[in-house]
Amino acid sequence: MSENHSETHPVCSAVVGLQWGDEGKGKVVDLLAATHDVVARYNGGANAGHSVVVQGQRFSLHLIPSGILYPSKLAVIGNGVVLDPDKLGQELDGLRARGVDTSGLIVSDRAHVVMPYHKAEDAAREDSLKSAREEAQAGSVSEIGTTRRGIGPAYAEKVQRAGAVRVGDLLRPESLKEKIGVAVATRRTSGLKLDPATLDEAKLLEWAIGAGELIRPMVQDTAYLLNNLVRAGKRILFESANGTLLDVDHGTYPFVTGSSCAIAGIGTGTGVPVQRVGRVVGVMKAYSTRVGAGPLPTELAGPGEAGAIGDRIRNRGREFGTTTGRPRRVGWLDLVAVRYSVMVNGITSIALTMLDVLAGMETVRVCTGYRVGGKVTDRFLPDAVSLGRAEPVYENLPGFADEIGAARIRRELPDRARAYVEFIESRVGVPVEIVSVGPDREQTITS
Ligand code: GDP
Ligand code: IMO
Ligand code: MG
């Protein structure tokens with residue numbers, strides 16, 4: 001009997017963020033998509049903002065996989081994504097207006113829908129946590145600093161089940177009406193102050209039927225589609241949203257998002273077994289950033305020198321959110337965190353981005369351990385309270401003066417920039433396969 005090659009050999013790849021999101025996954029997916037047939041999202045929703053810059057033209061993708069920019073590829077939104085139909089419509093209009101062919105987009109019938117009341121609930125919960133923090137003045141109560149895109153409430157509804165609406169339901173008005181009824185009734189008694197307009201059943205039904213008409217031509221059973229493609233020898237690139245340290249299980253809980261961002265999410269979020277994935281590319285910045293609340297041990301903030309270095313990195317790296325425009329918190333590179341993310345994802349190679357941003361610094365610091373209660377550890381602490389108590393232990397490396405945005409091979413990098421890359425490789429134990437020295441597709445070193 002002949003052996004089916006693709007059944008036994010992994011043909012798929014994954015791109016996953018190793019920090020707190022915004023590592024440059026969009027750019028790396030765009031680079032790798034060239035050698036794949038399909039790009040599939042498996043987690044998150046419109047909380048993601050993935051930037052791709054092609055010949056000076058910047059695209060910001062939120063729900064649609066970054067592979068959409070290649071006309072011949074399929075772009076699949078898997079069942080693990082929570083889908084906001086309004087955002088999808090806006091994104092499709094924006095891409096079409098710029099001449100992008102969006103006919104390759106396919107949406108899972110089992111993706112959960114972000115309903116208007118999920119967004120209202122996200123905002124209401126954040127506002128109430130913020131008031132509690134202001135009243136308590138201290139302690140660990142704090143808003144999460146979500147994107148207010150309804151992500152957490154949509155995933156919570158998925159787990160609660162009865163009132164959850166999936167893309168397939170949008171195409172079946174009878175069951176849709178029933179589910180919306182359950183969801184609204186639950187909210188009427190929840191005590192959360194929600195805008196009454198988001199709980200008007202007739203309006204919600206009309207909105208949901210309209211959403212169904214928008215999505216209907218794209219809907220498929222994507223688990224069968226993707227597995228059949230794998231069987232036919234097609235190569236799938238899985239595009240993770242958010243970051244490993246925002247993963248609901250493995251991140252800095254509770255300051256995380258609602259989904260499985262690490263590659264374990266591929267199995268639940270698409271129906272493709274994770275053993276089909278042979279190449280797992282971890283994307284990391286040459287420093288750390290975080291948006292929203294939660295511990296960032298190496299944070300560079302405050303009125304002194306640390307804050308000034310943080311501001312310099314933020315401005316050079318244009319560290320302002322792609323989705324919300326919020327200034328990102330900035331810190332030195334945390335290799336304790338990166339090593340942990342490499343471990344939980346089984347990373348096979350690293351894409352190091354933003355190396356150009358560090359040019360012009362006399363010294364660059366890298367956190368290689370944490371001091372906790374007088375003891376030094378090289379273990380990450382994926383829990384906000386424990387991590388909040390960790391003090392970074394740094395190694396100082398010499399910085400590099402020259403701008404490096406024009407380098408195209410590693411040998412063209414200044415010695416000290418190359419040494420920084422080699423330091424990461426040696427401490428993390430995984431090769432750096434891609435070095436990114438600017439936002440553009442061309443500003444990339446692969447050899
Ligand atoms: P993602 O969410 O992981 O896709 O990352 P974002 O797109 O939210 O944020 C990364 C930002 O850095 C975007 O503005 C990119 O265009 C930009 N970028 C990506 N790689 C580089 C790089 O190597 N250098 C610089 N200066 N900018 C980069
Ligand atoms: P990409 O894919 C950076 C953060 C939010 C907040 C926390 C929870 O562009 O890297 P949520 O709205 O998901 O409930 O917010 O997670 N967050 C991100 N930070 N990049 C992202 O996505 C993020 N997605 C969520 O800022 O702290
Ligand atoms: Mg982003």
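Bear in mind these aren't lab numbers, they're just calculated from the coordinates by the rules spelled out. If you're wondering where the values come from, they're calculated on a predicted model, not measured in any experiment. Neighbour counts are summed over all protein chains in view; Cβ atoms, including those assigned to glycine, are modelled from backbone coordinates with ideal geometry.
Using a cut-off of 21 Å between Cα atoms, the listed pairs LYS73/LYS119; LYS119/LYS158; LYS130/LYS179; LYS179/LYS203 include LYS73/LYS119; LYS130/LYS179 as exceeding that distance. Modelled this way, with points 7 Å down the Cα-to-C-beta line, the labels at ARG411 and ARG326 are 4.6 nm from one another.
Here the chain carries DSSP beta bridges of which approximately 40% are antiparallel, counting only pairs with both residues inside.
Note on VAL141 and GLU403: their simple-model spin labels are 5.0 nm apart, each label 7 Å out from Cα toward Cβ. GNM on the chain, alpha-carbon springs under 10 angstrom: the most fluctuating residue among THR270, THR257, THR368 is THR368.
In the chain, the sites counted are trypsin sites (Lys or Arg not before Pro) in DSSP loop states with at most 15 other Cβ atoms within 10 Å, and the longest stretch holding none of them, exclusive of the sites, is 194-317. Taking VAL430, VAL52, VAL15 as the candidate residues, the one with maximal mean-square fluctuation in a Gaussian network model of the chain, Cα springs under 10 Å, is VAL430. Sparsely packed loop sites in segment 109-169 (the GluC sites (Glu not before Pro) outside DSSP H, G, I, E and B with at most 15 other Cβ atoms within 10 Å) do not occur. Based on alpha-carbon atoms, the Kirkwood radius and the radius of gyration of segment 113-215 give Rg/Rh equal to 1.04. Each part reduced to its alpha carbon centroid, segment 298-356 and segment 244-290 end up 17 Å apart. Taking a ≥ b ≥ c as the square roots of the eigenvalues of the Cα gyration tensor, the chain is oblate, since a/c reaches 1.5 or more and a/b is not larger than b/c.
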